[in-house]
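Notes for the one structure printed next.
The values are calculated or read from the model by the stated rules, or taken from the named source; none is laboratory data. This structure is a prediction, so every number in the text was calculated from the model and none was measured. Note that we place each Cβ from the backbone using ideal geometry, even for glycine, and neighbour counts take in every protein chain shown.
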Amino acid sequence: MTALLEVEDLRVAYGKIEAVKGISFSVEAGQVVTLIGTNGAGKTTTLRTLSGLLKPAGGRIVFDGKPLDGIPAHKIVALGLAHSPEGRHIFPRLSIAENLQLGAFLRSDKAGIAQDIERAYELFPILRERSKQAAGTLSGGEQQMLAMGRALMSRPKLLMLDEPSMGLSPIMMQKIMSTITELRSQGTTILLVEQNAQAALSLADRGHVMEVGKVVLSGSGEQLLHDESVRKAYLGED
Ligand code: ATP
């Protein structure tokens, strides 16, 4: 079986600075794959490139059998790749319901959209309770839920989540992580970027450790969780 996403020798530079230095990995349909690594390792740059927001300096990205070279970001969403960015980027003055609607901007099937809004409310009941309120009044964790719900509104084949646990309380983080597991069990394929290696590796099928623009170690979530170098560097063990 070919993978849903294949990344081969991807390179991305900001001017002369190469932030991603030739990385390769793939994501099979139905999997949760995580990229972990410290600040500045190139994880966000990788997701932004997959979304079409940055142009690669080299390498190949094949999504659902199609090379993504030169395809603009909105067309990449239409192909089924959705991105819930770091820092959330919700629209604070619009209501929660309006933010969810915006996630379906490429769709015109009203009944399907209504169904998916209902699904977002089932995943995150707080969004239903507050649906008419301005999204800016939500807490950080609730905004993260809204960002995930909005990304799901394009019915993506692949959902990319950039640091969904950032700045959240342990309870909120638990909620987000259990939602990722639930989405996976419903068949959603997920590429998860996380600084919280323990949480990400515990639920991922596969993981890749990035350091200064390179993938330095790959394995199943379980393998990496028990790998000594990962435990020392990312799980705070001596
Ligand atoms: P973080 O968890 O801190 O977001 P990251 O692994 O996602 O880290 P990136 O944000 O992808 O890392 O950054 C990779 C490298 O590229 C870093 O050295 C960073 O300083 C650099 N970089 C990121 N954005 C830009 C930019 N717009 N212009 C120049 N350099 C950048």
The conditions are (1) under 21 Å from the mean Cα position of the chain (by Cα); (2) assigned to a loop (DSSP other than H, G, I, E, B); (3) farther than 20 Å from Leu191 by Cβ, and Ile117 fails exactly one of them. Which is it?
(2)
Those residues that are within 12 Å of the chain's Cα centre (by Cα) and within 16 Å of the ligand (Cβ to nearest atom), I need them from region 135-172; list them, please.
Gln144, Ala147, Met160, Leu161, Asp162, Glu163, Pro164, Ser165
Just one of (1) part of a loop (DSSP other than H, G, I, E, B); (2) closer than 22 Å to Ala151 by Cβ; (3) in contact (Cβ under 8 Å) with a residue 60 or more places away in the chain trips up Ala3, so point out which.
(3)
Based on what the data block shows, is Leu81 closer than 25 Å to Leu127 by Cβ, touching a Lys or Arg at 6+ places or on another chain (Cβ under 8 Å) and away from the ligand (no atom under 16 Å from the Cβ)?
yes
Residues (part of a loop (DSSP other than H, G, I, E, B) and either hydroxyl-bearing (Ser, Thr, Tyr) or closer than 24 Å to Leu201 by Cβ (or both)) located in region 22-68
Glu28, Ala29, Gly30, Gln31, Gly37, Thr38, Asn39, Gly40, Ala41, Gly42, Ser51
Per the filter on region 46-68, residues surrounded by fewer than 20 Cβ atoms within 10 Å (Cβ to Cβ), closer than 19 Å to Val212 by Cβ and out of contact with any Asp or Glu (no Cβ under 9 Å at 6 or more places or on another chain) are Leu54
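Does region 57-69 contain at least one residue that is within 14 Å of the ligand (Cβ to nearest atom) and in contact with a helix residue (DSSP H, G or I) (Cβ under 6 Å, 6 or more places away or on another chain)? First the steps, then the outcome.
Of all residues in region 57-69, those within 14 Å of the ligand (Cβ to nearest atom) come to 57.
So of that shortlist, the ones also in contact with a helix residue (DSSP H, G or I) (Cβ under 6 Å, 6 or more places away or on another chain) come out as none.
So far as region 57-69 goes, no, none of its residues is within 14 Å of the ligand (Cβ to nearest atom) and in contact with a helix residue (DSSP H, G or I) (Cβ under 6 Å, 6 or more places away or on another chain).
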Can you find a residue that is buried (at least 18 other Cβ atoms within 10 Å of the Cβ) and within 16 Å of the ligand (Cβ to nearest atom) anywhere in region 22-30?
yes
Return only the number of the condition from (1) surrounded by 19 or more Cβ atoms within 10 Å (Cβ to Cβ); (2) within 16 Å of the ligand (Cβ to nearest atom); (3) more than 13 Å from the chain's Cα centre (by Cα) that Ile76 does not satisfy.
(2)
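Pull up region 37-52, narrow it to residues that are within 10 Å of the ligand (Cβ to nearest atom), touching a Lys or Arg at 6+ places or on another chain (Cβ under 8 Å) and modelled with pLDDT of 95 or more, then point me to the one that is farthest from Thr188 (Cα to Cα).
Top of the filtered list is Gly42.
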Expected output for region 185-198 (first residue away from the ligand (no atom under 16 Å from the Cβ), partner among the polar types (S, T, N, Q) and not in a helix (DSSP H, G or I), Cβ below 9 Å, 6+ apart or cross-chain) is Thr189/Gln31; Ile190/Gln31; Ile190/Thr34
Residue identified as near the ligand (Cβ under 10 Å from one of its atoms), over 29 Å from Ala199 (Cβ atoms) and assigned to a strand (DSSP E or B) among Ala19, Ala13:
Ala13
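In region 1-10, what residues are surrounded by 15 or more Cβ atoms within 10 Å (Cβ to Cβ) and more than 16 Å from the ligand (Cβ to nearest atom)? Walk me through it before giving the result.
Here is the first cut: in region 1-10, the ones surrounded by 15 or more Cβ atoms within 10 Å (Cβ to Cβ) are 3-7, 10.
Ala3, Leu4, Leu5, Glu6 - these are the residues of region 1-10 that are surrounded by 15 or more Cβ atoms within 10 Å (Cβ to Cβ) and more than 16 Å from the ligand (Cβ to nearest atom).
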Given the options Leu68, Leu81, name the one that is touching a Gly at 6+ places or on another chain (Cβ under 9 Å), on the phi < 0 side of the Ramachandran plot, free of Cβ contacts under 8 Å to residues at least 40 places away in the same chain and hydrophobic (A, V, I, L, M, F, W, C).
Leu68
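In region 120-136, how many residues are free of Cβ contacts under 8 Å to residues at least 40 places away in the same chain and not in a loop (DSSP other than H, G, I, E, B)? Steps first, answer last, please.
We begin by selecting, within region 120-136, every residue free of Cβ contacts under 8 Å to residues at least 40 places away in the same chain; these are 120-122, 125-133.
Narrowing the set further to residues that are not in a loop (DSSP other than H, G, I, E, B) leaves 120-122, 125-129.
Residues meeting the conditions: 8.
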